[in-house]
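Working notes for the structure below.
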Amino acid sequence: MFPRAAYQLVLLCAVFLLSAGSVTAADVRPEGFGIRTGLEVASAGGFKELKGKKVGVVTNPTGVDRRLVSLIDLLAGAKGVELKAIFGPEHGARGAAAAGAKVADAKDAATGAPVYSLFGANRSPADEVLKRLDVIIFDIQDIGVRTYTYLATLIKVMEAAAKNKVEVWVLDRPVPIGGETVEGPLLSKSFESFVGPHPLPLRHGLTAGEFARLVNRERKIGARLKVIKMEGYTRRGWYGDSGLIWVAPSPNIPSVDTALVYAGMVLVEGVETLSEGRGTTRPFRLVGAPWLDGRRLAKTLNSLRLPGVLFRAAWFKPSFSKFSGEECSGVELHVTDSRAYRSVTVAVHLLSAIGKQHPGKLKFRERAFDRLAGTDSLRKALEAGKRPAAIISGWKKELAAFLKRRAPYLLYR
């Protein structure tokens, strides 16, 4: 994190320079705050490579520059660029739909462009629409977790674009939870789904652009792919150090810490008898149930001294989803060190501890849990009471192999 004293010094310098009329407030940033997203790199040149072309965009509220101006509005105002279509992923192009809710086609009120849903009756852009385009642009903030559906949408877009000979641009963005760390089981091909579209670990550390390069080769898609790289980004970089404003990529990921916790706690979605905090203001950071002893669980988990996290006994009443209207006892996860925190490790220890504390109470939605995990081996290991350390160490070889596999497609060091 940027030292407080140094930050104050930068602010004092900013005041002096502004009073001298030599710079604007946007020019003054602490060192390390100089990341430019793919959108900002492309728009800096006025989208000159798109002039005279018919363009479609796949985006949502996260597709904005640092002034929070959207890709849609930037393209609509760009000279010589014809914005012909907007495609909305899960939650919609403007982000209004709930998790899993089908999104209908519509018309964009701001630009008048047609909006086609990619999370309704169709998950791929229609051929008749793509045939009217020269380029389709993907600009969505992903979070670096396999179960997040935006990368599944990107695969569908690339496949459809390749079929119709439409160029694909990916405007790259940071991995908000860091691009160095990979965690969790690798997805087995037999468990492929829209929440697991390609063999990756649960926490994979790839930007959208890197992912597009990897799947274009490994799935033999053959898309004419162009990744607009970020400037100033490193794999070790954390979103909080980027100078970028966090725009929630989905309704239940309101903060970067939630994204980090989600990378493991998403597994709780696959447990019938346990709430992952949906229907509260702290989704994925709260875990519990009416039958659970939160005080005892917090004590057990804190005794493990897991890096980067503390657990607090908590009570909550979801307004929707599991146990709606019922008071739940459980724990709240407090991330104390983002870089040390291991999302999947924490989730495995938590589920194991609950299973031991309340035998027979954890009821898995087997198909849902296995699709989220990307394998049935994790569920079976937890049901058998296998030690968390043994479960986690069992992923080491496949994670090492994945790091070698992804290396040729990385764009940032």
Contact order relative to length of the chain, as percent, for alpha carbon pairs under 8 angstrom and 6 or more apart: 15 percent
Cβ-derived FRET efficiency at R0 22 Å, Arg305 paired with Gln357, nearest 0.05: 0.75
In order through the range 274-281: 3J(HN,Hα) via Karplus (6.51 cos²θ - 1.76 cosθ + 1.60), integer Hz, x for Gly, Pro: 9, 8, 9, x, 5, x, 10, 7
Estimated [θ] at 222 nm from DSSP helical runs (n ≥ 4, -39500 (n - 2.57)) normalised by residues in the chain, nearest 500: -9000 deg cm²/dmol
Net charge dipole size for the chain [Lys, Arg +1 and Asp, Glu -1 on Cβ; Debye, nearest 20]: 940 debye
Shape of the range 160-246, Cα gyration tensor, a/c cut at 1.5: oblate
Structure-derived semi-axes √(5λ) of the Cα gyration tensor in Å: which label, when the choices are (1) 34, 27, 22; (2) 36, 27, 20; (3) 40, 24, 20: (2)
Estimated FRET transfer efficiency when R0 is 35 angstrom, pair Lys163-Arg365 (beta carbons, to 0.05): 0.50
The range 32-79 shape via C-alpha gyration tensor axes, a/c threshold 1.5: oblate
Hits among aspartates and glutamates - C-alpha to C-alpha of Lys51 under 16 Å, sequence gap 8 or more where chains match: Asp73, Glu82, Asp134, Glu167
Set of aspartates and glutamates near Lys363 by C-alpha distance (under 15 Å), chain-local residues within fewer than 8 positions excluded: Glu269, Glu272, Glu276, Asp376, Glu383
Value of relative contact order over the range 256-375, rounded to a whole percent, pairs C-alpha under 8 Å and six or more apart: 32 percent
Most mobile listed residue (Val69, Val348, Val170) in the chain, GNM with C-alpha springs under 10 Å: Val69
Interchain or long-range residues, amide H under 5 Å from Phe284's placed H: Gly277, Arg278
Length-normalised contact order for the range 120-185 - Cα pairs under 8 Å, 6+ apart - percent: 44 percent
Compactness relative to 2.2 N^0.38 Å, alpha carbon Rg of the range 38-248: 0.96
For Arg406, Arg295, order by how many other beta-carbon atoms lie within 10 Å, fewest first: Arg295, Arg406
Neighbour net charge for Val348 - beta-carbon separation under 12 angstrom, K R +1, D E -1: +3
Burial order of peptide ranges 46-52, 134-140 (average beta-carbon count within 10 Å, highest first): 134-140, 46-52
Furthest towards positive pole of dipole, His349, His334, Ala314, structure part the chain, Cβ charges: His349
In degrees, nearest ten, helix 208-218 long axis to first principal axis of the chain (Cα): 80 degrees
20 Å Cα cut-off, lysine pairs counted over the range 162-302 (separation 8 or more, or different chains): 5
Once the Cα gyration tensor of the range 256-375 is diagonalised, semi-axes √(5λ) in Å: 19, 16, 15
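Here, each number is a calculation from the coordinates, and none is a lab measurement. This is a predicted model, so every value here is computed, not measured. Please note: Cβ atoms are built from the backbone with ideal geometry, for glycine as well, and neighbour counts cover all protein chains shown.
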